[in-house]
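Notes for the one structure printed next.
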Amino acid sequence: MKAISIRPRTADSMALVDVPEPPMGRQDVLVKMVRVGICGTDQELKQGLYGQAPPWSDYLVIGHEALGRVAEVGPEVENFAAGDYVVASVRRPCRHSHCGPCLSGENDMCLTGDFLERGINRQHGFMSEFYSEDQRWLTKIPAGIEPVGVFLEPLSVVEKAIRQTFKIQERLPWKVENALVLGAGAIGLLGAMLLRMKDINTYVLDRSEFGGFKSQLIAALGAHHINSRETPLSEVAADLGPIDFVLEATGYAPLAFQAFQHLATNGLVCLLGVAGGSQEISVDAMEFNNRMVLGNRLVFGSVNASLVDFQSGAEHIQQINQRWPGTLEKMLTRRASLGEFPEAFDRQPDDIKVVIEMEA
């Protein structure tokens with residue numbers, strides 16, 4: 001079968017290759033891929049910045065934002081049948097007996113760092129015509145959301161971040177007056193959707209032009225777009241006043257540090273973006289320390305997601321479609337066939353989510 005692979009840590013080694021069909025265990029589900037999304041991680045794998053092949057292979061099949069349809073089930077599979085649409089989670093548990101999170105199914109909170117990740121770290125991903133997976137790591141989605149079901153994996157990341165935010169803030173009576181999302185990529189826009197579903201006054205800071213494509217999407221959500229090229233964060237904060245919640249989705253660490261300075265008393269910043277390269281800034285450590293301590297402010301990071309976040313995400317996609325019909329479809333800005341995959345990795349200015357259609 002055909003798959004898109006790389007030689008890990010080798011720039012521009014991506015190729016369409018023939019790979020063996022996946023083996024099937026008694027509790028495994030064979031999934032025929034429908035489409036797969038491309039994210040920043042895939043771009044960085046293509047550039048050779050990281051990634052690790054399975055021990056038995058000298059290549060890594062990439063792709064982790066997967067929407068597929070069940071083709072076959074093993075004899076001990078109970079909850080899936082041929083024709084079901086499914087999305088697979090990404091991270092698999094480490095094998096260490098002292099890692100409580102992995103033992104309890106919270107692989108996204110692994111203590112050892114020895115986890116596996118489909119399409120990233122020591123396990124093949126989903127940019128292939130078929131994959132097999134243990135039924136434990138699959139989420140069934142309604143057929144009605146199949147056209148935009150590829151958003152479930154990135155949405156799960158935001159689901160976890162916001163779930164944990166409100167869990168943390170059970171420490172006090174907390175009402176979010178103003179939320180600020182940094183970045184209007186897929187993660188930022190999905191975050192804005194979840195916040196607006198809670199009727200939170202939401203601002204999205206991005207480098208995109210006011211009145212442009214992303215700006216129109218943000219306005220359709222009832223959120224407010226801010227062009228960071230024209231309006232620096234300091235001016236935004238002066239107009240808004242203290243910000244209760246910041247969702248960082250750019251990976252540009254200096255911007256996150258700026259946001260800390262404008263956080264309300266008892267406020268919280270959640271970091272989702274992974275920073276790369278050199279992003280050095282000068283920080284007054286005493287001022288930062290005292291603002292955090294004296295204002296009961298918090299900063300935390302969140303990565304990956306749990307199965308509970310995939311399940312809530314599937315429900316929320318249905319609600320998003322009902323509240324803002326057609327918005328998720330508009331975020332699928334480009335499609336490419338399997339044979340056209342190089343074009344899919346050629347970033348365009350208005351790209352939000354580019355997908356590879358795996359079916360002929």
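Among the residues of segment 3-19 satisfying the criterion of being out of contact with any Phe, Trp or Tyr (no Cβ under 8 Å at 6 or more places or on another chain) and farther than 19 Å from Lys32 by Cβ, which is surrounded by the most Cβ atoms within 10 Å (Cβ to Cβ)?
Ser13
Considering only residues that are closer than 18 Å to Phe260 by Cα and among the aliphatic types (A, V, I, L, M), look in segment 175-189 and name the one that is surrounded by the most Cβ atoms within 10 Å (Cβ to Cβ).
This residue is Val181.
When you go through Gln258, Gln279, Gln311 one by one, which is the residue that is more than 27 Å from Glu235 (Cβ to Cβ) and either in contact with a strand residue (DSSP E or B) (Cβ under 9 Å, 6 or more places away or on another chain) or not small (Gly, Ala, Ser) (or both)?
Of Gln258, Gln279, Gln311, the one residue that is more than 27 Å from Glu235 (Cβ to Cβ) and either in contact with a strand residue (DSSP E or B) (Cβ under 9 Å, 6 or more places away or on another chain) or not small (Gly, Ala, Ser) (or both) is Gln311.
Go through segment 209-221 and count every residue that is touching an Asp or Glu at 6+ places or on another chain (Cβ under 9 Å) and free of Cβ contacts under 8 Å to residues at least 60 places away in the same chain.
Residues in segment 209-221 being touching an Asp or Glu at 6+ places or on another chain (Cβ under 9 Å) and free of Cβ contacts under 8 Å to residues at least 60 places away in the same chain: 4 in total.
Are there strands (runs of 3 or more DSSP E) fully within segment 195-249 with at least 1 residues that are under 24 Å from Gly295 (Cα atoms)? List them.
Details: elements: 201-206, 224-227, 243-248.
Where strands (runs of 3 or more DSSP E) fall fully within segment 195-249 and carry at least 1 residues being under 24 Å from Gly295 (Cα atoms), they are 201-206, 243-248.
Among the residues in segment 25-46, are any under 19 Å from Ser306 (Cα atoms), outside any strand (DSSP E or B) and in contact with a Lys or Arg (Cβ under 6 Å, 6 or more places away or on another chain)?
Checked against the condition, which is being under 19 Å from Ser306 (Cα atoms), outside any strand (DSSP E or B) and in contact with a Lys or Arg (Cβ under 6 Å, 6 or more places away or on another chain), segment 25-46 yields no hits at all.
Confirm whether Asn289 is in a loop (DSSP other than H, G, I, E, B), of a type outside the set (Val, Ile, Thr) and over 16 Å from Gly191 (Cα atoms).
Spelling it out, it is not the case that Asn289 is in a loop (DSSP other than H, G, I, E, B), of a type outside the set (Val, Ile, Thr) and over 16 Å from Gly191 (Cα atoms).
Just checking, does segment 310-329 include any residue being surrounded by fewer than 19 Cβ atoms within 10 Å (Cβ to Cβ), in a loop (DSSP other than H, G, I, E, B) and in contact with a Ser or Thr (Cβ under 9 Å, 6 or more places away or on another chain)?
Within segment 310-329, none of the residues are surrounded by fewer than 19 Cβ atoms within 10 Å (Cβ to Cβ), in a loop (DSSP other than H, G, I, E, B) and in contact with a Ser or Thr (Cβ under 9 Å, 6 or more places away or on another chain).
Read the figures in this text as sums done on the coordinates, not as results from a lab. Model, not experiment: these values are computed from the prediction. Counting neighbours? That spans all protein chains shown, and the Cβs are built from the backbone with ideal geometry, glycine included.
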